[in-house]
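As structure tokens, the structure follows; a few thoughts come after it.
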Amino acid sequence: MSLYCGIAFKRKSFWCYRLLSTYVTKTRYLFELKEDDDACKKAQQTGAFYLFHGLAPLLRTAEHGYLVPRLSLLELERLLGKFGQDAQRVEDSVLIGCSDQHEAWFALDLASLPKPEMETELRGSFTELRKALLKLNSMDSSLLFTAQALLRWHDSHQFCSKSGQPTKKNMAGSKRVCPSNKIIYYPQMAPVVIVLVSDGARCLLARQSSFPKGLYSALAGFCDIGERIEDAVRREVAEEVGLELESLQYSASQHWPFPNSSLMIACHAIVKPGQTEIQVNLKELEAAAWFSHDEVVTALRGESPYTQQQNKISPFSLPPKLAIAHHLIKEWVEKQACSLPA
């Protein structure tokens with residue numbers, strides 16, 4: 001951030017001016033829209049709208065993936081009118097971000113309107129977000145993650161848990177308020193630890209029965225009430241594979257909207273010396289195994305190496321690049337490569 005102090009004499013006072021970075025001005029602009037309903041409504045006049053139907057975003061097929069169309073307020077109002085909807089439906093939208101030029105971005109779910117006719121009119125298709133992940137760029141996926149999470153939260157928090165009365169969202173969708181007791185509800189994310197365990201030379205990967213065939217990933221689980229991240233990591237590893245950790249290190253984090261909004265907190269961990277015998281908790285996992293550096297490198301290249309599990313030899317694959325588990329695995333491979341003898 002660049003700073004500049006200009007001294008101006010006025011009424012025997014000195015004024016100090018600071019030029020704020022683009023990031024700061026964007027952040028403060030979004031804060032204003034979240035706190036001021038009138039400012040947010042004004043921003044809708046020049047903003048852009050992403051459309052959803054039953055939490056599935058509107059997408060258009062392109063040569064190298066998906067395009068995510070956006071509608072202006074005028075285009076959205078015309079669409080609503082064509083399907084017999086009041087233009088006031090725009091106020092059901094939620095704020096999900098803005099451009100460097102302060103064009104505000106909103107998301108609106110039109111699940112009450114006929115899907116086939118909507119898709120024909122909009123020349124696109126409402127596609128399940130999880131299925132579209134591999135064909136979206138990182139910026140689009142981040143915005144759609146935020147949009148879907150907010151839309152889902154508002155759909156499931158329409159009543160006050162204390163009074164039972166309907167809650168009302170503010171214009172930006174950053175909170176809901178109970179009119180009867182003034183309790184304010186804010187969208188929340190559940191903290192989830194995800195950890196790549198290593199014995200120094202190998203990493204431990206596991207799979208659940210719900211995973212696609214052959215897919216292995218890092219261990220993961222929700223944090224319990226009162227737990228620190230460190231406690232949650234150690235407990236999950238002990239519960240799922242029966243191993244005790246010697247050390248752990250934070251790596252990165254990621255918002256993940258499936259099946260509900262979670263904050264994935266990624267860590268690397270080393271098991272205690274001699275702790276290599278895996279005891280799989282079959283209530284949590286279908287299988288778990290140690291994988292060598294070469295096996296993981298081959299899998300990262302998408303070449304489907306083979307692993308032997310339960311006396312069966314079968315190919316295995318790794319999570320897609322968008323998932324933080326992929327980041328953890330790639331990071332481990334790079335660290336191992338640095339430690340290998342020349």
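When Lys182 is tested against (1) on the phi > 0 side of the Ramachandran plot; (2) buried (at least 17 other Cβ atoms within 10 Å of the Cβ), only condition (2) is not met.
For the range 205-256, the tally of residues that are touching a Pro at 6+ places or on another chain (Cβ under 7 Å) and small (Gly, Ala, Ser) stands at 2.
Identify, please: which residue in the range 113-135 is small (Gly, Ala, Ser) and outside any loop (DSSP other than H, G, I, E, B) and is, among those, farthest from the chain's Cα centre (by Cα)? Here the answer is Ser125.
Here is a yes/no grid of residues against (1) among the acidic types (Asp, Glu); (2) under 23 Å from Leu322 (Cβ atoms):
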| position | (1), (2) |
| --- | --- |
| Phe222 | no, yes |
| Glu240 | yes, no |
| Leu245 | no, no |
| Gln254 | no, yes |
| Ser262 | no, yes |
| Ile265 | no, yes |
| Lys272 | no, no |
| Ala287 | no, no |
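The condition (being surrounded by 15 or more Cβ atoms within 10 Å (Cβ to Cβ), under 22 Å from the mean Cα position of the chain (by Cα), at pLDDT 90 or above and not hydrophobic (A, V, I, L, M, F, W, C)) is satisfied by just one residue among Glu331, Glu295: Glu331.
Within the range 243-286, being out of contact with any Leu (no Cβ under 9 Å at 6 or more places or on another chain), among the aliphatic types (A, V, I, L, M) and either outside any loop (DSSP other than H, G, I, E, B) or not assigned by TED's automatic domain parsing to the domain that holds Phe222 (or both) holds for Leu245, Leu248, Leu263, Met264, Ile265.
Condition (residue is in a loop (DSSP other than H, G, I, E, B) and over 17 Å from His268 (Cα atoms)) applied to the range 190-207: is it met by at least one residue? Lay out the reasoning, then the answer.
Filtering the range 190-207 for residues in a loop (DSSP other than H, G, I, E, B) gives 199-201.
Now drop any that are not over 17 Å from His268 (Cα atoms), which leaves none.
No, the range 190-207 contains no residue that is in a loop (DSSP other than H, G, I, E, B) and over 17 Å from His268 (Cα atoms).
Can you name the residue in the range 60-82 that is within 26 Å of the chain's Cα centre (by Cα) and among the basic types (Lys, Arg) and, of all such residues, is surrounded by the fewest Cβ atoms within 10 Å (Cβ to Cβ)? Filtering first and then ranking leaves Arg60. A single member of Ser72, Ser99, Ser112, Ser138 is within 14 Å of Leu151 (Cβ to Cβ) and either charged (D, E, K, R) or assigned by TED's automatic domain parsing to the domain that holds Ala43 (or both), and it is Ser112.
In the range 98-112, the condition of being surrounded by 15 or more Cβ atoms within 10 Å (Cβ to Cβ), in contact with a strand residue (DSSP E or B) (Cβ under 7 Å, 6 or more places away or on another chain), assigned to a helix (DSSP H, G or I) and not acidic (Asp, Glu) is met by no residue.
The values are calculated or read from the model by the stated rules, or taken from the named source; none is laboratory data. Bear in mind the structure is a predicted one, so any value in this text is a computation, not a measurement. Counting neighbours? That spans all protein chains shown, and the Cβs are built from the backbone with ideal geometry, glycine included.
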